[in-house]
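A short worksheet on the structure shown next.
The values are calculated or read from the model by the stated rules, or taken from the named source; none is laboratory data. Quick caveat, the model's predicted, so the values are computed rather than measured. All Cβ positions, even for glycine, are placed from backbone atoms using ideal geometry, and neighbour counts span all protein chains on display.
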Amino acid sequence: MPFSPNYAPTTVHTRLGPDFYDAVRPAVFPKHVLRHRDRVWDAKVGLGDLTDKEWIDHFGRFKPLPGALEMPLALRYHGHQFRVYNPDIGDGRGFLFAQLRDDAGRLLDLGTKGSGQTPWSRDGDGRLTLKGGVREVLATSMLEALGVDTSKSFSLIETGEELWRGDEPSPTRSAVLVRLSHSHIRIGSFQRLRFLDEVANISKLLSHCVEHYLPEARREDEAERAVAFLEAVGRRVARTGAAWMMAGFVHGVLNTDNINITGESFDYGPWRFLPVLDPKFTAAYFDQTGLYAYGRQPDTLLWNMTRLAECLLPLVAQERLEEALRGFEPVFRAEFDAAMRRRLGLASAGSEADARLVGAVWKFLIDSQMPFEQFFFDWFGGPASEARAAAGPEAERYASEAFAPVRQAFSPYGPDLRIAPDRPYFGGAAPCTMLVDEVEAIWDRIAAHDDWTALEAKLAAIAGMKEAYTATSA
């Protein structure tokens, strides 16, 4: 098999033992058509030289990768779903297929979605719709371009079955997705152990997470390790949440089983991007109370972190955990301010200037209701982009008195010299966006005509956006 020299498989997760997973067999599909392959990350994990046939053998038929897991593992977890505790969930249509190290030595998981039934499928068929797979490819690509720490849509293979779903026209086409993630260990993984009162396994999972994913939390004393772990997870979750907010992204289903211990964004169901800044905007049609609305995402993440803290109570005093949780809000605020600078390509001007800038921009976007992404496109580089913004479609808004506080807040800033506002992307007529109508139009062409050109064009546009936002050496 043509594996690259940096191919580095491992079976680290099996060290936890069978209390944490169930070995399963993947579904057998009638057809395999490769629809998407991440040509950046396949090379980073030593799989870039696989032919498409070999790729399908591993990620459509799930032939084990040499040196990796001999059988897929359906991971066990519980979770709060819309704040109702559910002890009957786990990997119901996915599994951990393999673990690899990337070219920097970081441990990564290859996990699936739509790979068949498991002991945790309940009444589900264990399948994924092709539309759901396409949506996840789009979501992860866009978020990565905007600087969000996200899982990668490593592979999408159409599988030739007809699926019946209540939320889209049926029958609809099937697919299996493979995600590349830093970790699939969730808050819900700890919740299950707390629910079952398996204190020794809580301790075991904590040590595993610290050793392999959160080395900054290493401590000899277990209580100190638990506190440092909670703080480390909180910092990562806060950073991702702030990046979501600055990307105008609404996850849609922020259940505790959808938050992992590395803080990486994953599991994209009814996600949306904001057309305009609206704190009440929701992504899921079934979220009728707006529990997971855009503006409630920070509070929801803290609520989820509190559930993680509860799982650590057998290991450390409650007062220590409460103290650690109090650190979440200031970290989130600092990350939010930093995310604003990154989105606008600005060099630091100090925390007070950052706070003024965030306040001025947010008030302007809410009051004006101008297109969310257009603002960041027009003003990337801050004052250095004045002429470009004045020539754009929103010039009249920028000339108004309402914009004056933003202009004033911009004054202490210069562009981050690692990210030039004159890159080709910013010379275009409009920003790359991912609004729901665009997503539906891409899918409609696939569903009606098997026409994948719109998806390919959008992914190319996102690649250009990513290049524009990527920092280089100063």
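List of remarks:
- Any hit, the stretch 353-365, residues being over 20 Å from Val276 (Cα atoms), of a type in the set (A, V, I, L, M, F, W, C), surrounded by fewer than 19 Cβ atoms within 10 Å (Cβ to Cβ) and not assigned by TED's automatic domain parsing to the domain that holds Ile419: no
- Within the stretch 386-402, if we keep just the residues that are crowded, with 16+ Cβ neighbours inside 10 Å and in a helix (DSSP H, G or I), the residue that is modelled with the lowest pLDDT turns out to be Arg388.
The rows are residues; the columns are (1) among the β-branched types (Val, Ile, Thr); (2) in contact with a helix residue (DSSP H, G or I) (Cβ under 8 Å, 6 or more places away or on another chain); (3) without any contact (Cβ under 8 Å) to a residue 24 or more places away in the chain; (4) more than 29 Å from Asp38 (Cβ to Cβ).
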residue	(1), (2), (3), (4)
Asp167	no, no, no, no
Ser174	no, yes, no, no
Val178	yes, yes, no, no
His182	no, no, no, no
Ile185	yes, yes, no, no
Gly188	no, yes, no, no
Leu196	no, no, yes, yes
Lys204	no, yes, no, yes
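- Considering residues of the stretch 267-283 that are modelled with pLDDT of 95 or more and crowded, with 20+ Cβ neighbours inside 10 Å only, the residue farthest from Arg179 (Cα to Cα): Leu277
- Breaking point among (1) within 24 Å of Gly105 (Cα to Cα); (2) of a type in the set (A, V, I, L, M, F, W, C); (3) out of contact with any Phe, Trp or Tyr (no Cβ under 6 Å at 6 or more places or on another chain), for Ala217: (3)
- Within the stretch 387-435, the residues that satisfy the criterion of being without any contact (Cβ under 8 Å) to a residue 60 or more places away in the chain and charged (D, E, K, R) are Arg388, Glu394, Glu396, Arg397, Glu401, Arg407, Arg418, Asp422, Arg423.
- Residue check for Arg307: part of a helix (DSSP H, G or I), in contact with a Ser or Thr (Cβ under 6 Å, 6 or more places away or on another chain), touching a residue at least 24 places away in the same chain (Cβ under 8 Å) and not assigned by TED's automatic domain parsing to the domain that holds Met434: yes
- Any hit, the stretch 128-145, residues being at pLDDT 95 or above and assigned to a loop (DSSP other than H, G, I, E, B): no
- Counting only helices (runs of 4 or more DSSP H) wholly contained in the stretch 172-264, the ones carrying 3 or more residues that are closer than 26 Å to Trp362 by Cα occupy 222-247.
- Residue list for the stretch 272-301, restricted to those being β-branched (Val, Ile, Thr), assigned to a loop (DSSP other than H, G, I, E, B) and without any contact (Cβ under 8 Å) to a residue 60 or more places away in the chain: Thr282, Thr289
- Exclusive hit being closer than 24 Å to Lys466 by Cβ and in contact with a helix residue (DSSP H, G or I) (Cβ under 9 Å, 6 or more places away or on another chain), set Ala399, Ala389: Ala389
- Only one entry in Pro383, Pro431, Pro405 is touching a helix residue (DSSP H, G or I) at 6+ places or on another chain (Cβ under 6 Å), part of a helix (DSSP H, G or I) and either surrounded by fewer than 13 Cβ atoms within 10 Å (Cβ to Cβ) or modelled with pLDDT of 95 or more (or both), namely Pro405.
- Of the set (1) more than 21 Å from the chain's Cα centre (by Cα); (2) assigned to a helix (DSSP H, G or I); (3) more than 30 Å from Ala430 (Cβ to Cβ), all apply to Asp354 but (3).
- Test: Asn255 is touching a residue at least 12 places away in the same chain (Cβ under 8 Å), surrounded by fewer than 22 Cβ atoms within 10 Å (Cβ to Cβ) and under 26 Å from Gln99 (Cβ atoms): no
- Among the residues making up the stretch 20-59, a single one is within 29 Å of Tyr77 (Cα to Cα) and either of a type in the set (Ser, Thr, Tyr) or in the same structural domain as Trp443 (by TED's automatic domain parsing) (or both): Tyr21.
- If you go through the stretch 182-212 and keep only what is surrounded by fewer than 22 Cβ atoms within 10 Å (Cβ to Cβ) and either among the hydroxyl-bearing types (Ser, Thr, Tyr) or on the phi > 0 side of the Ramachandran plot (or both), you end up with Asp197, Ser203, Ser207.
- In the condition set (1) crowded, with 19+ Cβ neighbours inside 10 Å; (2) out of contact with any strand residue (DSSP E or B) (no Cβ under 9 Å at 6 or more places or on another chain), Lys63 is compliant with all but (1).
- Residue check for Ala420: on the phi < 0 side of the Ramachandran plot, outside the structural domain of Val40 (by TED's automatic domain parsing) and out of contact with any helix residue (DSSP H, G or I) (no Cβ under 8 Å at 6 or more places or on another chain): yes
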